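The structure under discussion appears below in the form of structure tokens.
The values are calculated or read from the model by the stated rules, or taken from the named source; none is laboratory data. Only a predicted model underlies this, so the values are computations on that prediction, with no experimental measurement involved. Virtual Cβ from ideal backbone geometry, glycine too; neighbours counted across all protein chains shown.
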Amino acid sequence: MSQETGPPKPPAPSIARRAWWLFEILNVRLRFIFLMVLVGFVVGYWENITNHADRWLRPARAPELVTAEEIEYYCPMHPSVIRSEPGNCPICGMPLSKRPKSAQVALPEGVLGRQELTPLQVRLGRIGTTPVEYRLLSREIRTVGIVDYDETRRAFIAARIKGRIDKLLVNYVGQYVKQGDPLVWIYSPELLTAQQELLVAHRQLSVQTESGGLGQATSRSIYEAARQKLILWGITEDQVDQILQRGTPETHLTIYSPISGFVTDKKVLEGHYVNEGDDLYTIADLSRVWMQAKVFEDESAGVEVGTAVEVTCTAYPNEMFAGRITFIAYEVDPATRTVAARVDIVNPDFELKPGMYAQAVIRVPVGKVTEAEPPTATAAAATQPAGPAALSTDGVTKAYLALTAAYAQDRTDPAAATELSQRAKTLATEARGALSLHAAAVAEQAAQLAGKELSAQRGVLKALSTAMVALLRAQPAGRLLYVAHCPMVNADWIQDSDTILNPYMGREMPKCGMVTETVKPTAVVENERFATGYFCPMTPNRLYDKPELCPIDKFPFKYVKLEKVLAVPAAAVINTGTRHIVYRESAPGVFEMLAVQVAPRAGEFYPVLAGLQPGERIATQGAFLVDAENRLNPAAAAQYFGASGGPQQGGALGGHQH
């Protein structure tokens, strides 16, 4: 019999094997714990580790290498061009100048700071600019007031004789009466006696007239006195004639209403006895009412007698009532710091009632309004310039432009210099006042060009151009001109294009310079500063082409000359609390901070009193982003952008030329 056997059992591990297995298990577990502790230590002490590594491992640097990193190279003509190495300006080609990176750059007069943004920053910030222009503006003042009676349209009916009220024809307060309607019957013995005297005097006058006696004049004077006595008591001329025609006296005196309106007070009843001078009724005509408006003292400038006012009230929200200011208080209310303005309002349907609260909108034109003659053939001929104002500077300008064009080509033009001198002398002789003085200065400088070399003539050109600019400001030419500035010689010149062509540098640096001002023709300047047309006080910032009636108060339009004011959008002005600032775009992406003086806000614009010139572009949309960038990095705003590691590529502004 065979015995079955299974697989042999493995031998039991030895004690050494078991110890090794335990070590491997602990090694796997402890490895992860060790790595976690190591990572935590590195993270917690990373700054110390990097500082020690930088201290011991950073190589020593040469002093000249450190010095080289503290300077930069820039273009004096185009400060936005900054390089870390010497070279030429990619815009004008002139050699770059060296300066310390920390050096402050002198800013133009009036500029408080300068900030340059890359094209990407401009696009992301959606920064938009708007030119400074002349505009028709009006200020809108909103206030409240209380409707009141028109004191010039109230009548106090009093008894002119003493007597008894036998009948009241107007019985209650609020009753509407028309002018000439009877109010009361008064019985008066004195009235009866006065009528008897009139009848006797009239009969006596008739007898004297028929007989032709000497007492006719005396009888007439007695008759006139008796008649006048009744009229002064309130009896009308018609009533006196009826008494004379009838031949018998009237027992009662009828008092009639002197105006149309509502009875606002009644102080008598039937049967009352009244004395001479006692009040009977008060009647108010409400077809026109007053509103006592309150205007704060800081808004009262420009509010004058005759200023149009739009009035609304909550009772009639869809209706607008027209009014005019007829009186302005001579003092400020110390409690509310307001000035009272009385508004006369047309109220034909009696909708506005005394005691109502009302809202008023006062629109004040910012520019001066001058009444003028409507445009007719005779007036058009009369407005043509005459005398010194009609003197043209076109000839002088043409000769000057020919001279500077020759200088830009590095040559002289004796014919143009001679013509310029002669035309300037002629203009100085014919003109008067400042125009004559400026023309004489141009002639004097032009005479110094004769017989000189090109370099010497360019030396005279600086004073000549200064005199030409003053001449054209006093009397603009018939074409658009541009005043350009060359910073290399610190001089101006005049050209007929906005493309720079430098007469001082010639072909060496023809594009050196920038346009700083435009000199517009007289007609353009006149159109920019003034507008003519038919004027409605209800819309003072708009002129009409035809003589019509104001749509609200139905007053006829007046033909006026309305002054425009230099204005900037309200979004462009930043109020710092102590001053108002704007950001002017001097080059694409380059914004200069300017302090401006502005008048009170007029709608969506601020009138500019000082600090800006027409045509300059200022940041409007996104202006607060430019200001935020300037305030977050004030050191960069005080120096040209890029001095502390800004963009070194000039392509962003490479297409712009000054």
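Of the residues making up the stretch 205-234, those that are more than 16 Å from residue 195 (Cα to Cα) and either outside any helix (DSSP H, G or I) or not assigned by TED's automatic domain parsing to the domain that holds residue 168 (or both) are 212, 213, 214, 215. Only one entry in 114, 142 is in contact with a strand residue (DSSP E or B) (Cβ under 8 Å, 6 or more places away or on another chain), not hydroxyl-bearing (Ser, Thr, Tyr) and not assigned by TED's automatic domain parsing to the domain that holds residue 616, namely 142.
Each residue in the stretch 140-159 was checked for being buried (at least 20 other Cβ atoms within 10 Å of the Cβ) and more than 29 Å from residue 294 (Cα to Cα), and 2 pass.
Where strands (runs of 3 or more DSSP E) sit wholly within the stretch 235-323, those with at least 2 residues that are more than 30 Å from residue 536 (Cα to Cα) occupy 252-256, 261-266, 279-284. When every residue of the stretch 509-516 is checked against the conditions, none turns out to be over 25 Å from residue 423 (Cβ atoms), in a loop (DSSP other than H, G, I, E, B) and among the β-branched types (Val, Ile, Thr). The single condition among (1) in a strand (DSSP E or B); (2) within 44 Å of the chain's Cα centre (by Cα); (3) not assigned by TED's automatic domain parsing to the domain that holds residue 619 that residue 93 does not meet is (1).
Taking residues in the stretch 418-429 that are assigned by TED's automatic domain parsing to the domain that holds residue 468, and partners anywhere that are surrounded by fewer than 19 Cβ atoms within 10 Å (Cβ to Cβ) and not in a helix (DSSP H, G or I), the pairs with Cβ atoms closer than 7 Å and at least 6 places apart or on different chains are 427/391.
Pairs linking a residue in the stretch 171-195 that is more than 18 Å from residue 281 (Cα to Cα) to a residue that is surrounded by 12 or more Cβ atoms within 10 Å (Cβ to Cβ) and polar (S, T, N, Q), with Cβ atoms under 8 Å and 6 or more positions apart or on different chains, are 192/251.
Determine if the stretch 288-295 includes at least one residue that is surrounded by 15 or more Cβ atoms within 10 Å (Cβ to Cβ), farther than 30 Å from residue 183 by Cα, more than 23 Å from the chain's Cα centre (by Cα) and not basic (Lys, Arg). Within the stretch 288-295, one or more residues are surrounded by 15 or more Cβ atoms within 10 Å (Cβ to Cβ), farther than 30 Å from residue 183 by Cα, more than 23 Å from the chain's Cα centre (by Cα) and not basic (Lys, Arg).
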